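Colleague: Handing you this structure, nothing more for now.
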Amino acid sequence: MMVSNPPFASVHASSGLHVNGAHFLRNGQPHRIFSGALHYFRVCPEYWRDRMLKCRAMGLNTIETYVAWNLHEPTPGVFSFVDSLDLRRFISLAGELGMDVILRPGPYICAEWDLGGLPAWLLADRSMRLRTLHPGFLTAVSRYFDRLVAEVKDLQCTNGGPIVAVQIENEYGSYGNSRSYLSWLEQALVDRGIETLLFTSDGPLDSMLQGGTLPHILKTVNFGSRAQPAFAKLREYGDGPLMCMEFWNGWFDHWGEEHHIRDHKDTVAAFEEMLAMGASVNLYMAHGGTNFGFMNGANHEGKYQPTVTSYDYDAPIDEQGRPTPKFFAFQQLLAQHGARIGKLPDPAPATAFGKVNLDESLHLFRALDFLSAPIRCENIPVMEDIGQNHGFILYRTFVSGPRPTEKLFIKEVHDRALVFQDGRFLGLVDRNDTQEGLSFEVNEKGSRLDILVENQGRVNYGPLLHDRKGITVGVRLNYQFLSGWEVFPLEFKDTPPLPWSSVSCGTPAMLFRGQIRIEVPTDTFLSVKGGRGVVWINGFCLGRYWNIGPQKTLYVPAPLLKPGRNEVVIFEVESPDIPEAVFVAESELGAFIKTV
């Protein structure tokens, strides 16, 4: 497919950002991009200005953000661009602060975000082929681009706005090699009114640069070190400006693995090597933020690896928005290369508000009638089959008796299941375990079987993107697959009043509620000592906790709190004990340190 734009150009090049040989020009003047990644969907909107001002104080002139399609279109054809999803306000705010914006709309973004930002409902189509010319996928992308581009097209630099560049797809060369697909995306953006500079980003390998871009499109590379060989490889594919679109100055964490920290001196040396070559750069991340709710992604390299709630990323601006030693080292280096340094805003305080008295509880089974309406299915469905995106799903069936002791197998659970017989906890089944089966004996009265499955985050990178959630094959008792199910979707979107009672324990799958009085809300961190579960503050889902670490505290921004009484609800999934919840003043992201 041919497009109308000339190589590396925007439609109104003189009024925006464009390429002049091996250099960028901004409004006709030589320009160097000093950018930082800041994801609006990982930061409370009340803090967008603060984080942008801190990026500017570091010496950055540009804000880069992905666009999370799955947040903006949670149901096919139903869009939201308000409140925390007010992308237009985020972009406009950057412009008001004198900063440019690089927009990366996907449709796929990776970002350690659930399904790489693609909506889960795409997987309801069993024939779906993501990131291809599959008709169903292109129809959905077309509708998304219609709405997204209409939201932002007048904010392009060609109209005097802050958007200076827009990315086509994201690291596509690490997934596919269809130039027809990339050309379709390019034309889709242009046809809807995108006039600014278009680009792609990939790793600095031949296969990635060959498969992930188009001949006439500006190419950028992503890496964390060894700038010279990375840029030498980029030069083999074009003569445009040198730009690292993702300079990995830190890394993310998985549950049950080490906490990643990259020494700022090592990072500065890699950064300095890049800047000495005259390159432009986007820090990934400048400020990481938080995977609030159920939106973390996962990797799958030999085993399933869910990402933790914090997206601190060991970035120069930490999860609470505080500058780190890496911030000041970057600031000094950027100043040496001509960056303008802004004023650093005052730091936000954090307070240890103390222990939450969890004095009410309720077992999940007693809450079912309030939380979900059952769906009757002959064969076991996955979440996507019943229109569920996130959270938990409970499968229930009745097994006639008598049956002697047999083995119960849950085939291909995605991702972790608790099994109950007549309300009694039998055991756990994890996606990564080699399943030997649970012992299951039924007397002449028969038994009720309940299986509670948690979606721990869809795979966001690599060949296993089609990561449907729930029980993906079936449940087998010895050689017999079971049928006739009641299914309870538990997405916890809007939790109604529940019949709470005095606190008790002794079994998994318990909900706990408590209150704490706060006079003056500030940032804080919630330490939960329990097994594994999810926390809500005043109805807002903070995210997951898990005693296997590395993360030990959950960040609580001040805007989530209110003067007076604040409600804390905890769904303790696995432990039979009452969890302990304490608000502390410092984060604890893990004792195990790994340099990347």
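The values are calculated or read from the model by the stated rules, or taken from the named source; none is laboratory data. Because the structure is a prediction, the values reported are computed rather than measured. With ideal geometry, Cβ positions are generated from the backbone for all residues, glycine too; neighbour counts draw on all protein chains shown. Side chains are part of the model used for accessible areas, which takes the heavy atoms of the whole protein and leaves out ligands, DNA and RNA. Shrake-Rupley method; radii C 1.70, N 1.55, O 1.52, S 1.80 Å.
Colleague: Could you run through the stretch 118-128 and say how many residues are open to solvent by 10 Å² or more (accessible area, probe 1.4 Å) and touching a residue at least 40 places away in the same chain (Cβ under 8 Å)?
Modeller: Count: 2.
Colleague: If you check Leu85, Leu103, Leu93, which single one turns out to be at pLDDT 95 or above and surrounded by 22 or more Cβ atoms within 10 Å (Cβ to Cβ)?
Modeller: Result of the check over Leu85, Leu103, Leu93: Leu103.
Colleague: Give me the pairs: first residue in the stretch 501-515 and touching a residue at least 24 places away in the same chain (Cβ under 8 Å), second residue assigned to a loop (DSSP other than H, G, I, E, B) and acidic (Asp, Glu), beta-carbon distance under 8 Å, and six or more apart or on different chains, which are they?
Modeller: These pairs meet every condition: Cys505/Asp577; Pro508/Glu574.
Colleague: If I ask for residues that are open to solvent by 30 Å² or more (accessible area, probe 1.4 Å), under 27 Å from His260 (Cα atoms) and assigned to a strand (DSSP E or B), which ones from the stretch 547-580 would you list?
Modeller: Residue satisfying the conditions is Glu580 alone.
Condition check ((1) modelled with pLDDT of 95 or more; (2) part of a loop (DSSP other than H, G, I, E, B)) across all residues:
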{"site": "Asp314", "(1), (2)": "yes, yes"}
{"site": "Gln332", "(1), (2)": "yes, no"}
{"site": "Leu362", "(1), (2)": "yes, no"}
{"site": "Leu394", "(1), (2)": "yes, no"}
{"site": "Glu406", "(1), (2)": "no, no"}
{"site": "Val413", "(1), (2)": "yes, no"}
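Colleague: So how many residues does the stretch 65-117 have that are free of Cβ contacts under 8 Å to residues at least 24 places away in the same chain and either in a loop (DSSP other than H, G, I, E, B) or among the hydroxyl-bearing types (Ser, Thr, Tyr) (or both)?
Modeller: Going through the stretch 65-117 one residue at a time, the tally reaches 2.
Colleague: Within the stretch 107-115, identify whether any single residue is over 30 Å from Leu53 (Cβ atoms) and in contact with a strand residue (DSSP E or B) (Cβ under 8 Å, 6 or more places away or on another chain), and answer yes or no.
Modeller: Yes, the conditions are met somewhere in the stretch 107-115.
Colleague: Could you please give the count of residues in the stretch 133-167 that are loosely packed, with under 15 Cβ neighbours inside 10 Å and not in a helix (DSSP H, G or I)?
Modeller: Result for the stretch 133-167: 2.
Colleague: On to the next question. Can you pull out the residues in the stretch 272-293 that are within 30 Å of Phe571 (Cβ to Cβ) and either part of a loop (DSSP other than H, G, I, E, B) or without any contact (Cβ under 8 Å) to a residue 12 or more places away in the chain (or both)?
Modeller: The answer is Gly288, Gly289, Asn291, Phe292, Gly293.
Colleague: Taking the stretch 224-268 as the search range and keeping residues that are of a type in the set (Gly, Ala, Ser) and surrounded by fewer than 17 Cβ atoms within 10 Å (Cβ to Cβ), which one is farthest from Gln305 (Cα to Cα)?
Modeller: The residue in question is Ala232.
Colleague: Could I ask something else about it? Find all pairs meeting these conditions: Cβ atoms under 7 angstrom apart; at least six residues apart or on different chains; first residue within the stretch 408-432 and touching a residue at least 24 places away in the same chain (Cβ under 8 Å) and over 22 Å from Pro381 (Cβ atoms); second residue outside any strand (DSSP E or B) and basic (Lys, Arg).
Modeller: Matching pairs, first to second residue: Asn432/Lys303.
Colleague: Can you tell me which residues in the stretch 490-516 are outside any loop (DSSP other than H, G, I, E, B) and either in contact with a Pro (Cβ under 9 Å, 6 or more places away or on another chain) or among the small types (Gly, Ala, Ser) (or both)?
Modeller: Scanning the stretch 490-516 gives Ser501, Ser502, Met510, Phe512, Gly514.
Colleague: Continuing with the same structure: Would you be able to say whether some residue in the stretch 252-271 is touching a residue at least 40 places away in the same chain (Cβ under 8 Å), closer than 30 Å to Arg431 by Cα and either in a helix (DSSP H, G or I) or in contact with a His (Cβ under 6 Å, 6 or more places away or on another chain) (or both)?
Modeller: Yes: one or more hits.
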